[in-house]
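The values are calculated or read from the model by the stated rules, or taken from the named source; none is laboratory data. Note that the coordinates shown come from a computational prediction; the quantities given were computed from them, not determined experimentally. As a convention, Cβ positions derive from the backbone with ideal geometry for all residues, glycine included, and neighbour counts pool all protein chains shown. What goes into the accessible areas is simple: the full protein's heavy atoms, side chains included, and nothing from ligands, DNA or RNA. Shrake-Rupley method; radii C 1.70, N 1.55, O 1.52, S 1.80 Å.
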Amino acid sequence: ASNVPGDCPTYVTQGTSMAAPMAAGSAALVRQYWREGWYPYGEKGRGDETILTGAAVKAVLINSAVTMRGTYQGAPLPDTYNGNIYTGYGRIQLDRVLFGSDDVSGRAVGDRILLVDGANGPLMSGGVHEYPITTAGTDPALGNQLKVTLVWTDPPGQPQAQQPLVNDLDLEVVTPDGAVLRGNGVVDRVNTQEQVTLEVPTSVSTCTVRVMGASVKEGPQAYALVVTGPLNNGSPPPAPRPPPPPG
């Protein structure tokens, strides 16, 4: 603690009692950023003044998080993204999602973060939205990591249900070499948030992000999608395209 007259006292501690107000304050800043029209140009009032859904605020916060280091019960914490039972998706770091136009990166805000907040219609079972995501170069803050986070607000489940999830959406990312990466690394039938991270080449390349209605019992189901990385999509972000016909 600091007791010098005129200084703002500080105190270092840890635990959920400290993490909760930090997360709440971060959520307020995320909401303010979009409410004041900073996105996607990085200048107040230049973009549309938007009130984000709760799912979108959550998606931005999760997408900002960085992997935490350390140990738990003597074992190293998982050195991966996509969430784990010990530290969730990591430590919130807002400078990885809230950008200004005066950043030294030389990249437009719309070429660092993409947000879709229910703008493309909700999904029913079997529905698919596809987003072509073009990347190029590298980002001084984000490097060559492309991170995609999907969040939705599920209808209330039945009390004490074995499977409380009502509406199940799936996230997939098709890499430039054709590999298919699934949200949270598995076919997730439990969580209302899914994430994929990958390293992309510095050359111009395209990934395809898919949001799918795996099982929508009380639909249609809206969602929020956040993508960060060395994007090359331009501003505003692209609209989804229909998937190719089967076969």
Percent RCO, i.e. relative contact order, over the chain, from Cα pairs under 8 Å lying at least 6 residues apart: 25 percent
nm² value of the averaged projected area, convex hull over the Cα atoms of segment 32-86: 5.0 nm²
Summed side-chain charge close to VAL216 - residues other than VAL216 whose Cβ falls under 14 Å, Lys, Arg +1, Asp, Glu -1: -2
Local electrostatic count, LEU61, Cβ distance below 12 Å [Lys/Arg +1, Asp/Glu -1]: +4
Percentage of interatomic Cα-Cα distances in segment 89-163 larger than 16 Å: 65 percent
Charge sum, other residues only, whose C-beta stays under 9 Å from LEU142's C-beta, Lys/Arg counted +1 and Asp/Glu -1: +2
Accessible area expressed per residue, the chain, with surrounding protein chains retained (probe 1.4 Å, Å²): 52 Å²
GLN163-MET68 pseudo-label distance in nm [points 7 Å out on the Cα-to-Cβ vector]: 3.1 nm
In nm, spacing of pseudo-spin labels at THR206 and TYR86 (7 Å Cα→C-beta vector): 4.0 nm
Set of lysines near LYS44 by C-alpha distance (under 27 Å), chain-local residues within fewer than 8 positions excluded: LYS58, LYS147
